[in-house]
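The next block holds one structure in the form of structure tokens; read it before the comments.
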Amino acid sequence: MVKTAEVARDFHGTKLYQERARVVLPILVRQAEARQPVFYEALAQEVGMPNPRNLNYPLGCIGRTLNEIGEEWGSEVPPIEALVVNQATRLPGPGFDGFLTEKGESWDNNEERKALIEQYWAGIYSYPYWDDVLEELKLTRTADPARAIIAKAGGGGGGEGPEHLALKLFVCANPQAVGLREIDPAGKAEHCLPSGDKIDVIFDHSRRTHAVEVKPKSSPPSDLARGLFQCVKYRAVLQALARYEHDKRKITVCLALGGSLPAELVPLRNSLNIDVFENLSSSG
């Protein structure tokens, strides 16, 4: 039987893609335990990579290493690299297709490919031995740079000021600023949910409900962390309501910022899988 130290030689080398693979894998374990994929761009930002395309090499290294560990253990390790997805398709890039074909998978259209990938995601989320994988590779879990910020976020926020109102009205009038098309209908402010919450802006379209939490530039990091968790809440309530009303429309949420997201909150954003649109200006 081949020892892990030998089969993981590609993982423990000194090349840049190998060093990045050792940083990326613990992040993907965190995402697996959060049951959330992560965008190429978001992951690249978290690990300090200017070009998300260069993630292909670290992800390939991770995939090969997990295959080798699975062979040594006599039990397959799920392809955790499948959690890294394209922001437009919300699915892994075509580079993951090689893994699927090696496993004897085939598909005739995008829907079948999506169904296959969702099956692999389920296996990744339910896999109980990610800690053992990290230990085998002599890696530690990711740090939590936002712990103190999150603790302050529970204190509640202040009332709405003129800066927040102006940014909220700007988002209503500019759907393209929060991931929609410029030609899409304008949003509506202060949408009430049956939970008693109010969504800052909602775009209620025939095929999509898009909820937006707005935070002005003056918001402290604790309020931005609170906004991320508010997005999680809105998403859950909207999904529950849609199930009750048999509403098949797509539900998406995002956080719209007048400023930028602090680096300390990037891991939290990725863990919660929330789209964040930064540096929006109500002054045009």
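The values are calculated or read from the model by the stated rules, or taken from the named source; none is laboratory data. Note that the structure is a prediction, hence the values are computed from the model and not measured. Neighbour counts are summed over all protein chains in view; Cβ atoms, including those assigned to glycine, are modelled from backbone coordinates with ideal geometry.
Being surrounded by 15 or more Cβ atoms within 10 Å (Cβ to Cβ), assigned to a helix (DSSP H, G or I) and among the basic types (Lys, Arg) narrows it down to one of Arg30, Arg53, so name that one. Break it down stepwise before answering.
Numbers: Arg53 fails: surrounded by 15 or more Cβ atoms within 10 Å (Cβ to Cβ).
None of the other options fit; the residue is Arg30.
Just checking, does the range 67-78 include any residue being in contact with a helix residue (DSSP H, G or I) (Cβ under 8 Å, 6 or more places away or on another chain), surrounded by fewer than 15 Cβ atoms within 10 Å (Cβ to Cβ) and assigned to a helix (DSSP H, G or I)?
Here is the first cut: in the range 67-78, the residues in contact with a helix residue (DSSP H, G or I) (Cβ under 8 Å, 6 or more places away or on another chain) are 68-69, 71-72, 76-78.
Keeping just the survivors that are surrounded by fewer than 15 Cβ atoms within 10 Å (Cβ to Cβ) gives 71, 76.
Still in the running and assigned to a helix (DSSP H, G or I): 71.
Yes: the range 67-78 contains one or more residues that are in contact with a helix residue (DSSP H, G or I) (Cβ under 8 Å, 6 or more places away or on another chain), surrounded by fewer than 15 Cβ atoms within 10 Å (Cβ to Cβ) and assigned to a helix (DSSP H, G or I).
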Query - Of all residues making up the range 79-97, the number that are assigned to a helix (DSSP H, G or I) and without any contact (Cβ under 8 Å) to a residue 40 or more places away in the chain - result: 4
Query raised in the report: Hey, Leu100 hits all of (1) closer than 20 Å to Leu265 by Cα; (2) modelled with pLDDT under 95; (3) of a type in the set (A, V, I, L, M); (4) part of a helix (DSSP H, G or I) but one; which does it fall short on?
Result: (1)
Report task. Kindly list the number of the only condition in (1) closer than 19 Å to Val85 by Cβ; (2) modelled with pLDDT of 95 or more; (3) aromatic (Phe, Trp, Tyr); (4) surrounded by fewer than 17 Cβ atoms within 10 Å (Cβ to Cβ) that fails for Trp107. Result -> (2)
Query - Failed item in (1) at pLDDT 95 or above; (2) under 16 Å from Asp10 (Cβ atoms), with Ala82 passing the rest - result: (2)
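Across the range 121-137, what is the number of residues that are in a loop (DSSP other than H, G, I, E, B) and in contact (Cβ under 8 Å) with a residue 40 or more places away in the chain? Give the derivation first.
Here is the first cut: in the range 121-137, the residues in a loop (DSSP other than H, G, I, E, B) are 127-129, 137.
From what is left, the residues that are in contact (Cβ under 8 Å) with a residue 40 or more places away in the chain are 127, 129, 137.
The total comes to 3.
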Query - Looking only at the range 180-218, and only at residues there that are out of contact with any Phe, Trp or Tyr (no Cβ under 7 Å at 6 or more places or on another chain) and small (Gly, Ala, Ser), the one that is surrounded by the most Cβ atoms within 10 Å (Cβ to Cβ) - result: Ala189
**Report entry** Ser126 being modelled with pLDDT of 95 or more, among the polar types (S, T, N, Q) and out of contact with any Gly (no Cβ under 9 Å at 6 or more places or on another chain)
**Finding:** yes
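Give Leu137, Leu169, Leu193 a once-over and let me know the one that is closer than 25 Å to Val84 by Cβ and of a type in the set (A, V, I, L, M). Before the answer, list the steps.
Details: Leu169 fails: closer than 25 Å to Val84 by Cβ; Leu193 fails: closer than 25 Å to Val84 by Cβ.
After applying the criteria, what remains is Leu137.
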Report task. Would you please name the residue that is farthest from Thr252 (Cα to Cα), looking only at residues in the range 171-225 that are among the β-branched types (Val, Ile, Thr) and assigned to a helix (DSSP H, G or I)? Result -> Val171
